[in-house]
1. Looking at Ile43, is it under 19 Å from Tyr190 (Cα atoms), open to solvent by less than 10 Å² (accessible area, probe 1.4 Å) and among the β-branched types (Val, Ile, Thr)?
2. Against the condition at pLDDT below 95 and out of contact with any Phe, Trp or Tyr (no Cβ under 8 Å at 6 or more places or on another chain), how does Ser36 come out, does it pass?
3. Quick one: which residue in Ile185, Ile124, Ile113 is in contact with a helix residue (DSSP H, G or I) (Cβ under 8 Å, 6 or more places away or on another chain), β-branched (Val, Ile, Thr) and under 30 Å from Thr81 (Cβ atoms)?
4. Report whether or not Asn25 is open to solvent by 20 Å² or more (accessible area, probe 1.4 Å) and either small (Gly, Ala, Ser) or modelled with pLDDT under 95 (or both).
5. Going through Glu134, Glu148 one at a time, which residue ends up being open to solvent by 40 Å² or more (accessible area, probe 1.4 Å), under 20 Å from Arg205 (Cα atoms) and not small (Gly, Ala, Ser)?
6. List every residue pair whose Cβ atoms lie under 6 Å apart, where the two residues are 6 or more positions apart in sequence or sit on different chains, the first residue falls within the stretch 37-63 and is under 18 Å from Lys80 (Cβ atoms), and the second residue, located anywhere, is among the acidic types (Asp, Glu).
Amino acid sequence: MVRLILDASNSHLSIALLKNNELINEFNIECKRNLSEILLQEIDNILVNSNFTKNDLLEIIATKGPGSYTALRVVLSVAKTLSMVLNIPIKLISSLRLQAANVKEDVAVVPLIDGRRGNVYAAIYDNDVDVFQEGYYSLDDVINKLNELNKKVIFVGNDVSNFSYDNLNNIYDLDTTPILAKNIIYVEKYLENSDFYNALPSYLRLTEAERNLKNDKN
């Protein structure tokens, strides 16, 4: 089975092409502008360079969030269009769960995306178990939960160096590796079946427009 995996949830574009869970090709780049143009071009490039065409694709996988509102919409729009046009399944994965797949050690893993104003999109996984469900939190909330666990911690993601962890009692490490699409093979069981109509982003908080509308009503 030839599968295309797409992620751009946090200022970094990652594309992977897998055949029967073997990595055929990948593309990774920091990408803060012109995402739609670059994404479409690099999908074509990765297929051509791997001697495949879009018609060889049998499944497409995309991260659903959390992360950048704009990037999530762009990636899902492309994924849904390919699913519809090629008549192939589309599956979704949490960007935090995929980010955590970078770590293979027996530690508490905290995938983290900067949510601005001292807040983060984060979760805590211990032995692959969700002990603090993904959400939009203050960093202090995350650290308080980690102090209760009393276990070595690794924060992972290209935003982890944006913060200070002085209040954390546990030994910790920082892994600034961005989300890598090829790591989907480690989180297969968390894939969610969807379709081109129902594949929606998971923002974990209201958009700015929704927040403004709510404030206006109040």
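1. Values: under 19 Å from Tyr190 (Cα atoms): no; open to solvent by less than 10 Å² (accessible area, probe 1.4 Å): yes; among the β-branched types (Val, Ile, Thr): yes.
Considered against the rule, which asks whether it is under 19 Å from Tyr190 (Cα atoms), open to solvent by less than 10 Å² (accessible area, probe 1.4 Å) and among the β-branched types (Val, Ile, Thr), Ile43 comes out as no.
2. Details: at pLDDT below 95: yes; out of contact with any Phe, Trp or Tyr (no Cβ under 8 Å at 6 or more places or on another chain): yes.
It is true that Ser36 is at pLDDT below 95 and out of contact with any Phe, Trp or Tyr (no Cβ under 8 Å at 6 or more places or on another chain).
3. Ile113
4. No; evaluated as a whole, the condition is false for this residue.
5. Glu134
6. Qualifying pairs under 6 Å: Thr63/Asp7.
The values are calculated or read from the model by the stated rules, or taken from the named source; none is laboratory data. Here the structure is a predicted model, which means the values were calculated and not measured. Cβ coordinates were reconstructed from backbone atoms using ideal geometry, including for glycine residues, and neighbour counts include every protein chain displayed. Accessible surface is based on the protein model in full, side chains and every heavy atom, while ligands, DNA and RNA are left aside. Shrake-Rupley method; radii C 1.70, N 1.55, O 1.52, S 1.80 Å.
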